[in-house]
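This report concerns only the one structure given below.
The values are calculated or read from the model by the stated rules, or taken from the named source; none is laboratory data. What you see is a predicted model, and the numbers here were worked out from it, not measured in a lab. Quick reminder, even Gly has a Cβ in these numbers, built from the backbone with ideal geometry, and neighbours come from all protein chains shown. These area figures cover heavy atoms from the full protein model, side chains too; ligands, DNA and RNA do not enter into them. Shrake-Rupley method; radii C 1.70, N 1.55, O 1.52, S 1.80 Å.
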Amino acid sequence: MDPADEALTSLCIRFQNLSKVEITYSGWMSKLGKQLDDKGLLILAKHSPLLTDLSLSYCTFITDVGLRYLASSSKLSSLRLNFTPRITGCGILSLVVGCKNLSRLHLIRCLNVSSVEWLEYLGKLGTLEDLSIKNCRAIGEGDLIKLGLGWQKLRRLQFEVDANYRYMKVYDRLSVDRWQKQHVPCENMLELSLVNCIISPGRGLACVLRKCKNLQKIHLDMCVGVRDFDIICLSERSSDLQSVSFRVPSDFSLPSLVNNPLRLTDESLDALAQNCSKLEAVRISFSDGEFPSSSSFTLSGILCLINKCPVRHLALDHVYSFNDLGMEALCAAEYLETLELVRCQEISDEGLQLVSQFPRLCILRLSKCLGISDDGLKPLIGSLKLDFLAIEDCPQISERGVQGAAKSVSFRQDLSWMY
C-alpha cells in the first residue's frame, strides 16, 4: 500500500463488508514507501464497521493514538499485534475498554507494553477466550494473576518469556501471596502453552497446571521448576488430554537441575499413561547441548506411554535413551501413524529396518540422525508402505537411497549443523 492512507481508504470504501484484515511490513525498508500509521487505523475504524479480526505485524509507526482510534470498532473480537514497538499498556487499555467483544488477543514482541491494567480490565469484562503473550519483556509470569475471574472463560493460553530476560522481573511477596490465596478458575482451559517460564512449587503457574480439568493440549518448553507432582495432578484432573509436548533442559544446559527434584521424570509419563486414555500425540525433546539428559525421561517411561495410550503421533528430539530397542517395541504400537525422529543418535540401520513392521505407520520424518544410512531404508523400497517420507540433514542417507521408499518423498541435505 503506497501511499498507505489512500490505498487503505480505497480498499475500505470498495469493500465495506471487510471483517478480517491483516497488514504486515516484514522486510520493509524506507524506500518501499511510508508505512501505515495511526491515521490508517482511523480510516480502518471509520470505513469498516464490520471489522472483527485485525492482525498488525511489524507496523512500527503505529502508536497508542492509533489503538484509541481502533477502540471505536465495537465489533472487533480478535486482535494480533506482532512487533509494534511503540504500543504501550495504555494503548492496549484504551482499546479493550472500547472493544467489549474482544475474545482473542495476541501480543508478540510488544516490547514497551509494561503496565497490565488492561489485563485486569479484560478479566472483569469476562469475554477473553484466547490469550497469547510472547516475548513481551516487561510482562512476566506473575502478571497473569491480574486476569482474576477472567481465567474462568479462558480456553487457550500461550505465554512465552524472552529467555534472555527470564530472571529480570522480580515480584514482591504480595504478588506471590495473591497466587497462593486467589482462586484461579481455569476449569474451561483446553490448550495451554508455556515457554521459558519459571514455575514455582505451589504457586504461580503451578496452580494453573493443577486446576485444569478439561485440558486437551499442553506444551511445556524449557519451563524451569515443573515437578512430577504438577503433571501427576494434571493427568488426574484432565483425563481427556489428547496432546502433550515437553521440551526440557538437558543435564548440562542448566547444571543446577542435576539431581534436583524440580524436574520431570518417568513418574510424569507413568501418570499420563495411567490416567489419560485419549492421548494421541506425544512430543518429547531435550534442549540443544553437547550432553543429552540422562536423569529425566527414559526409554521405559516413553514405551509405557506408547503401550497404554492410543498414540498416533510420536516425535522425539535429542532423546538419546531411544534406541533400537525402542524401535523394536514400536512394532507393537498398533495406533502409531506418524513418527518423527530428530537427533536420535542411538538408532542404527538395524532399528530403522524395523519400520517396515510397524502396523499402521504411514508418515516418517528423520532429521539429523547420524547412525542411519541407505541400508536402513532398503526394506521400504518398493513396498509402498509409507505415504510420506522426509529425510533432512542425515549425512549417511543419499537422495538416491530414498527413491521408492514411500509414495511421496522429501529430501534435503544441509550438514552445516555438524560443524
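Tabulated results
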item: Residue-normalised accessible area of the chain, given per residue in Å² at a 1.4 Å probe; result: 44
item: Mean Cβ neighbour count within 10 Å, used as a protection proxy, ranking 227-239, 375-387, 126-138 highest first; result: 227-239, 126-138, 375-387
item: Base-10 log of normalised Debye intensity for the stretch 299-419 (one unit scatterer per alpha-carbon) at q = 0.10, 0.12, 0.16, 0.22 Å⁻¹; result: -0.26, -0.38, -0.69, -1.34
item: Across Lys278/Lys407; Lys46/Lys100; Lys217/Lys368, pairs whose alpha-carbon gap is larger than 23 Å; result: Lys278/Lys407; Lys217/Lys368
item: On Cα atoms only, tilt of 299-308 relative to the major axis of the chain in degrees; result: 80
item: Rounded tilt (10° steps) of 266-275 against the dominant C-alpha axis of the chain; result: 80
item: Computed over the chain, the ratio Rg/Rh where both radii use C-alpha atoms and Rh is Kirkwood; result: 1.02
item: Zero-based 5 Å bins, Cα pair distances in the stretch 335-404, whole percents; result: 4, 17, 32, 30, 14, 2, 0
item: Surrounding net charge for Asp228, when Lys and Arg each add one and Asp and Glu each subtract one, Cβ distance under 10 Å; result: -2
item: Percent accessible area from carbon and sulfur atoms, the chain, protein chains only, probe 1.4 Å; result: 50
item: Full-extension gain in nm, Gln16 to Glu350, via 0.36 nm per residue minus C-alpha separation; result: 114.0 nm
item: Computed E for Asp375/Lys278 - FRET, C-beta separation, R0 51 angstrom, nearest 0.05; result: 0.85
item: Net charge of Cβ neighbours under 13 Å - reference Met189; Lys, Arg +1; Asp, Glu -1; result: +3
item: Positive minus negative residues near Pro85 (Lys, Arg vs Asp, Glu; Cβ under 13 Å); result: +2
item: Selection from Leu11, Trp28, Ala45, by position along the positive dipole direction of the stretch 3-53 (Cβ); result: Leu11
